[in-house]
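Below: the structure, in structure tokens.
The values are calculated or read from the model by the stated rules, or taken from the named source; none is laboratory data. Remember, it's a predicted structure, so these values are computed and weren't measured experimentally. Backbone-built Cβ (ideal geometry, glycine too); neighbour counts: all protein chains shown.
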Amino acid sequence: MTRVHKFSIPEIIFGRGSLSYTGLCARQLGGEKVFLVSDRGLEEAGWVARVIEVLEAEKLRWVYYSEVVSNPRDFQTHKGAEYYLQQGADVIIALGGGSPMDAAKGIALVASNGGQIQDYEGANRIHRPLPPMVFIPSTAGSGSDISQFSIITDVGRQVKMSIISRTLVPNISIIDPLILETKSQKLIIAAAIDALCHAVESYVSKISSPFTEVQSLQAIRLILQHLKPAVATRSLEHLEQLSIASTAAGMAFSNAGLGAEHALAHSLGGMFDTLHGLVHPILLPHVMRFNLSACTEKIAVIGEILLGRPLGSVQETAAAGIEMLETYCGELNVPVRLREIVQDRSRLEDLCKMAVNDVCLLTNPRPAGWEDLLHICWEAW
Amino acid sequence: MSQKPTLEDLIGIEYAKLGFFKEVQEKVAELQASNLKLELKRRHIQGILDGITDVMAIISLDFRITSVNQVFYNVFEETDPAGKFCFQVFRRQECRCASCPMVIALATNKVCRQLEIFPVNGKNRHFEITASPLRNPQGTPCHILVLKRDVTTEKEYQAKYYQAEKMATVGVLAAGVAHEINNPLTAISGFAEGLKRRLPRLKEKVDPDLAEDFDEYIDIILKECRRCQGIVQNLLDFGRPKSNHFCSLDLSSVIQDTLKLLQNHLKAYPKEHIRLRLQDPLPSIYGDDSQLKQVILNLLFNALDATSEKGCITLRTFSRRSGEEEWVGLAVEDTGTGIPSEHLNKLFEPFFTTKPAGKGIGIGLPTCYNIIQNHGGEIVVCSEELKGSTFLVRLPSGTSALPVLTL
């Protein structure tokens, strides 16, 4: 399939200690009073204080907003936008994992375009520019610092809304591997598996391009090579490689999109508020099996990386690769069956009927109805 | 979601990260337009301000000048008034004026008007001052707009008008009084004449000494009656000028004729006591010969009274042209005692006199004033005590009828 591709990413500042450029970046974007979004965990780890220190060194004024939880809520973005306007802030800086970053995008959006966050659900529905955004990811996973996505939970409908727009791509992403050192083992695994999932799904996406595919494969390779040593040793060298992997996966999925696995993961997050990173080891192998017929060769390429070598045929390599992935996830000491995180099997049908509307499903290599998704869930149960 | 996103939406080739560039462009265009509008408005207002011929100053609440208009520099010598105290710049004082119109305007929250006389560049000027508070957008006064209109000329005209009106009133009164006195006076003099005619018959019957007394007394009565009749006639002339015989005249020859009349009288004075500086030729004027002679006589007698034997009197004639108008002037200068400054502005008032009783009743100069007014001219005086006085008469030149001031 030939089509016109597009590849857009923010400016990326990468390296140990790159956090100290935050103030300079905000200043260069015209900032005078920074709106800093983060959460309790990063406050406790001292990173919020460190960022404020950097801002003050640059003589920037700041306000701090931390009413953000995992799976950020619509009202939190509204409250944040109100605070932003009331304080007369300009540049928005987000420090954290996917939640603070997605919340910061929502705040930027509502503050500059008005209305409710729900008004912008879907693709390309933003018509006015957003305040400049500088994002500092604290996990090697979400890719929100790179992507054109913002996922916000609509509390009323119990749905995770996908808001997609090139305007949601931050201006600058500052990736400092030193921040990862303070992350828990659970968070490191969850983020890395999220990134792996981004890489796999964007690789097999219907709109993947040579520019995204190379990033996807790079991410898969790096995660397989460094995740286990990183968890075992927590050495900075391995964590740094996971950061690169996560950024590469972000570049890939922001431009190529995701697939059925993320459609289901979003719905699970919306209905059961499950931690996003925990869903992937359970669902990914089953989604890959479902997609196998539509993209055998591509899954074989992934399989070859997982196995370390090709098997006799493409089909063999692909199938063995998926099995290898299941084994790999099992070894990470995380839940691998859906029943471990969802109590009520009867709600799966509603879940799938909701997931079938998720934007991520658009790029899934094999068309999937809700029945197909329900089948995948049963497989994973 | 109103519309389900498509793959094309995800690729989003037509959608780029939105920037503020367009918005900035629009804002800049908007600002340029509004700036242009403001500039036009500013010029409009500047035009209005430039059209104001009064001195205008914006003064802060602590009495410091914030800004002034162009007229200020024409009137006052100060070249850089901004930041200085208004009382320093306007009045050359070191503290604020007692009845400051600004303070009143602020206290009453109304526009305050006041008339003030103060010297500017050494000359007393009459100013009408208007002070109005300027308010900031919150409505509290922050500055005061002060307008100073120079009404010196208007005030002078006004004073002249009052003077003329007074003269007219007094003239009518005097004529009435004179008329009333004339009848008894005629009776007195008539009966005195009758007594005088009967005296020869009385002489034969009485003591010759007594008859002589009667003769002398009746003569005195008649003489004093004639004097009274003269005064009454003067009063009547003052109040009701005789019908004019206006014709084209040469002022210099009128002066010479007048001096011939006085030849006898002037024998008592040194030869060079009266000097003539008469311009020849002099543009002719349109006037009444006998009335002008009366003016010259009056001025000359006053000058003679003021000078001692050592002093001298100069009579000058000259002509001046200013624009369309040409004037013929007569100056009577003396080096006499001068006139005290407090008397200067009363000189032309009827019945004002400094002469001893019996020497004058104070209608000489008022009569001169009336005559010159009737000729469309002007009479002014300047004098310095102990040095002398100059009476200056200005008459319009020309040979035909003039717009005569009606009294």
Every residue from the range B:326-352 that is in a helix (DSSP H, G or I) and touching a residue at least 12 places away in the same chain (Cβ under 8 Å)
B:341, B:344
Only one of A:332, A:283, A:338, A:373 is at pLDDT below 90, surrounded by 20 or more Cβ atoms within 10 Å (Cβ to Cβ) and either out of contact with any Cys (no Cβ under 9 Å at 6 or more places or on another chain) or of a type in the set (A, V, I, L, M, F, W, C) (or both), namely A:338
Criterion: of a type in the set (A, V, I, L, M, F, W, C), more than 18 Å from the chain's Cα centre (by Cα), surrounded by fewer than 18 Cβ atoms within 10 Å (Cβ to Cβ) and more than 21 Å from residue B:91 (Cβ to Cβ) - qualifying residue of B:145, B:173:
B:173
Restricting attention to strands (runs of 3 or more DSSP E) lying wholly within the range B:247-325, give those where 2 or more residues are in contact with a strand residue (DSSP E or B) (Cβ under 9 Å, 6 or more places away or on another chain) and surrounded by fewer than 18 Cβ atoms within 10 Å (Cβ to Cβ).
B:274-277, B:313-322
How do the pairs read when you match residues in the range A:94-113 that are in a helix (DSSP H, G or I) with residues anywhere that are surrounded by fewer than 24 Cβ atoms within 10 Å (Cβ to Cβ) and of a type in the set (Lys, Arg), using Cβ under 8 Å and keeping only pairs 6 or more apart or on different chains?
A:112/A:128; A:113/A:128
For the list (1) in contact (Cβ under 8 Å) with a residue 60 or more places away in the chain; (2) farther than 16 Å from residue B:11 by Cα; (3) assigned to a helix (DSSP H, G or I), I need the number of the one condition that residue A:201 fails.
(2)
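Yes or no, residue by residue, for (1) under 24 Å from residue B:88 (Cα atoms); (2) exposed (fewer than 14 other Cβ atoms within 10 Å of the Cβ); (3) facing another protein chain (nearest Cβ under 9 Å):
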residue	(1), (2), (3)
B:7	no, no, yes
B:13	no, yes, yes
B:23	no, yes, yes
B:29	no, yes, no
B:37	no, yes, no
B:42	no, yes, no
B:53	yes, yes, no
B:57	yes, no, no
B:64	yes, no, no
For residues that are more than 25 Å from residue A:77 (Cβ to Cβ) and among the acidic types (Asp, Glu), scanning just the range A:34-57, find the one that is nearest to the other protein chains (Cβ to nearest Cβ).
A:56
Looking at the range A:257-278, I want the residues that are of a type in the set (Ser, Thr, Tyr) and have a partner that is at pLDDT below 90 and part of a loop (DSSP other than H, G, I, E, B) with Cβ atoms under 8 Å, at least 6 apart or on another chain. Which pairs are those?
A:267/A:358; A:274/A:341; A:274/A:342
Considering only the range B:134-141, I want to know if a residue exists there that is within 26 Å of residue B:59 (Cβ to Cβ) and basic (Lys, Arg).
yes
For the range A:242-279, enumerate the residues that are assigned to a helix (DSSP H, G or I) and acidic (Asp, Glu).
A:261
Within the bounds of the range A:52-68, is there any residue that is surrounded by 21 or more Cβ atoms within 10 Å (Cβ to Cβ) and under 21 Å from residue A:163 (Cα atoms)?
yes
If I ask for residues that are at positive phi and away from chain B (no Cβ under 14 Å), which ones from the range A:211-263 would you list?
A:234
Considering only the range A:308-319, I want to know if a residue exists there that is in contact with a helix residue (DSSP H, G or I) (Cβ under 8 Å, 6 or more places away or on another chain) and within 19 Å of residue A:381 (Cβ to Cβ).
no
Six or more apart or on different chains, Cβ under 8 Å: which pairs go from a residue in the range A:1-23 that's away from chain B (no Cβ under 14 Å) to one that's surrounded by 15 or more Cβ atoms within 10 Å (Cβ to Cβ) and small (Gly, Ala, Ser)? Could you list them?
A:12/A:173; A:13/A:173; A:14/A:243
With criteria (1) more than 14 Å from chain B (Cβ to nearest Cβ); (2) in contact with a helix residue (DSSP H, G or I) (Cβ under 9 Å, 6 or more places away or on another chain); (3) more than 29 Å from residue A:215 (Cα to Cα), residue A:31 comes up short on (1)
What's the number of the only condition in (1) surrounded by 17 or more Cβ atoms within 10 Å (Cβ to Cβ); (2) within 14 Å of chain B (Cβ to nearest Cβ) that residue A:119 fails to meet?
(1)
Among the residues of the range A:208-228, which ones are more than 18 Å from the chain's Cα centre (by Cα) and part of a loop (DSSP other than H, G, I, E, B)?
A:209
Count, please, the residues in the range A:127-145 that happen to be buried (at least 24 other Cβ atoms within 10 Å of the Cβ), touching a residue at least 40 places away in the same chain (Cβ under 8 Å) and within 13 Å of chain B (Cβ to nearest Cβ).
1
Cβ-Cβ under 6 Å pairs, at least 6 apart or on other chains, the range A:148-172 side facing another protein chain (nearest Cβ under 9 Å) and in contact (Cβ under 8 Å) with a residue 40 or more places away in the chain, far side basic (Lys, Arg) and buried (at least 22 other Cβ atoms within 10 Å of the Cβ):
A:168/A:105
Is it the case that residue A:324 is assigned to a helix (DSSP H, G or I) and buried (at least 24 other Cβ atoms within 10 Å of the Cβ)?
no
Considering only the range B:286-304, state which residues are touching a residue at least 60 places away in the same chain (Cβ under 8 Å), more than 13 Å from residue B:391 (Cα to Cα) and either small (Gly, Ala, Ser) or not assigned by TED's automatic domain parsing to the domain that holds residue B:314 (or both).
B:287
Looking at the range B:72-92, which of its residues are surrounded by fewer than 18 Cβ atoms within 10 Å (Cβ to Cβ) and within 19 Å of residue B:149 (Cα to Cα)?
B:73, B:74, B:75, B:76, B:77, B:78, B:87, B:88, B:91, B:92
Is one or more of the residues making up the range B:17-40 over 32 Å from the mean Cα position of the chain (by Cα), under 30 Å from residue A:6 (Cα atoms) and among the small types (Gly, Ala, Ser)?
yes
Has the range B:353-369 got any residue that is in contact (Cβ under 8 Å) with a residue 12 or more places away in the chain and among the small types (Gly, Ala, Ser)?
yes
